[in-house]
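What follows is a set of notes on a single structure, which appears directly below.
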Amino acid sequence: MSAAIGASVVIACYRGLPELDVQLQALAAQDFTEPFEVILSDNEGSADLEWFALNHPLRGRLDLRWVDASGTAGTSHARNVGTRAARYPLIAYCDQDDAVHPTWLRAIVQALGSADIVGGPLERETLNDPVVAAWRALPDPAEPVVLGRFLPMTFGCNLGVRRSVFDAVGGWDESYPTAGSDVEFCWRVQTRGYEFGYARDALVAYRYRTGIRESWDQVIDYGREEARVARDYGAPGRQWWWPLLHAGVVVGMCPVWPWAWSRSRRGEWVWITGNLVGRIAGSVKYRTLYL
């Protein structure tokens, strides 16, 4: 791939202020030396966000643009609208409330030189309070995540794809408005014959939700929609003994006196328990076995 090929960074936005500014500052610190643009694809259609983009001090440096993606609710729709507005043949997705590391865009573009869709690792230390960071373990940064013993995937907050491949597969599936959309997109691209790649230097500082209830709702959504993707693609899911082990961990972590839990312990238990509950809910809703 020619080093002169530029990239379009697409950020699906919904009420993203003020955290969005942290991500824009991070994008301005990239060591990528070729042209790139940043597209704020606004799922709310907010006049405030449009004004923010038009008047941002980094607007020129980032070639910053705002596009209205309020026609259909959901991150998938916003990513589709932003991608179709892109000027460059390589697309990189990140989220409004995270912060990409300085090597991120360069690593994504380099990986797309030999692959069609790529991902990278996440880290939890930069943007999260240590107590909140302890709630949820992140995957091994050395290799991509493989869900359901099927195919590798990358999270939508750290994903790159060739625009030609995006067009060939029809973009993001808008029937998955949020959770599960990245798994479905990665699997669809690969089952259409395209190659998945992994860029270890495409590191993203990932921001956790700080409320217990928010985290519970999020992890249940993840587990439920993963069950749907597994059904749609015939993924075998975990080995038979994993649900028993998972349930044992949930019970074993639950102390006799819940009111004595530390906030760190509560958050960790909520994430592990919610994942199992979400898988059960998804198995029931989508009439599949994904435990």
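The values are calculated or read from the model by the stated rules, or taken from the named source; none is laboratory data. What you are looking at is a predicted structure, and each value in this text was computed from that prediction instead of being measured. We place every Cβ from the backbone using ideal geometry, glycine too, and count neighbours over all the protein chains shown. For accessibility, only protein heavy atoms count, side chains too; no ligands or nucleic acids. Shrake-Rupley method; radii C 1.70, N 1.55, O 1.52, S 1.80 Å.
Within the range 104-121, the set of residues being open to solvent by less than 10 Å² (accessible area, probe 1.4 Å), closer than 15 Å to Pro89 by Cβ and either part of a helix (DSSP H, G or I) or touching a Phe, Trp or Tyr at 6+ places or on another chain (Cβ under 9 Å) (or both) comprises Leu105, Ile108, Ala115, Ile117, Val118. Screening Ala7 with (1) of a type in the set (A, V, I, L, M); (2) open to solvent by 60 Å² or more (accessible area, probe 1.4 Å); (3) under 21 Å from Val161 (Cβ atoms) gives one miss only, at (2).
A single member of Gly156, Gly160, Gly148 is on the phi > 0 side of the Ramachandran plot, within 19 Å of the chain's Cα centre (by Cα) and either open to solvent by less than 40 Å² (accessible area, probe 1.4 Å) or in contact (Cβ under 8 Å) with a residue 40 or more places away in the chain (or both), and it is Gly148. Evaluated against (1) over 19 Å from Val145 (Cα atoms); (2) modelled with pLDDT under 95; (3) among the aromatic types (Phe, Trp, Tyr); (4) open to solvent by less than 60 Å² (accessible area, probe 1.4 Å), Tyr286 falls short on exactly one condition, (2). Would you say Leu49 is aliphatic (A, V, I, L, M), assigned to a helix (DSSP H, G or I) and more than 13 Å from Cys13 (Cβ to Cβ)? Considered against the rule, which asks whether it is aliphatic (A, V, I, L, M), assigned to a helix (DSSP H, G or I) and more than 13 Å from Cys13 (Cβ to Cβ), Leu49 comes out as no.
Does the range 215-222 include one or more residues that are part of a helix (DSSP H, G or I) and in contact with a strand residue (DSSP E or B) (Cβ under 8 Å, 6 or more places away or on another chain)? There is no residue in the range 215-222 that is part of a helix (DSSP H, G or I) and in contact with a strand residue (DSSP E or B) (Cβ under 8 Å, 6 or more places away or on another chain). In the range 39-53, the condition of being without any contact (Cβ under 8 Å) to a residue 24 or more places away in the chain, open to solvent by 20 Å² or more (accessible area, probe 1.4 Å) and not aromatic (Phe, Trp, Tyr) is met by at least one residue.
For the range 54-74, a tally of residues being open to solvent by 50 Å² or more (accessible area, probe 1.4 Å), among the small types (Gly, Ala, Ser) and closer than 30 Å to Gln110 by Cβ returns 1. The number of residues in the range 211-241 that are out of contact with any Lys or Arg (no Cβ under 9 Å at 6 or more places or on another chain) and surrounded by fewer than 14 Cβ atoms within 10 Å (Cβ to Cβ) comes to 6.
Scanning the range 147-182 for residues that are assigned to a helix (DSSP H, G or I), within 21 Å of Ser114 (Cα to Cα), touching a Phe, Trp or Tyr at 6+ places or on another chain (Cβ under 9 Å) and of a type outside the set (Lys, Arg) gives Val165, Phe166, Ala168, Val169, Asp182. Please determine whether any residue of the range 158-172 is touching a Gly at 6+ places or on another chain (Cβ under 9 Å) and closer than 16 Å to Asp221 by Cβ. Among the residues of the range 158-172, not one is touching a Gly at 6+ places or on another chain (Cβ under 9 Å) and closer than 16 Å to Asp221 by Cβ, which makes the answer no.
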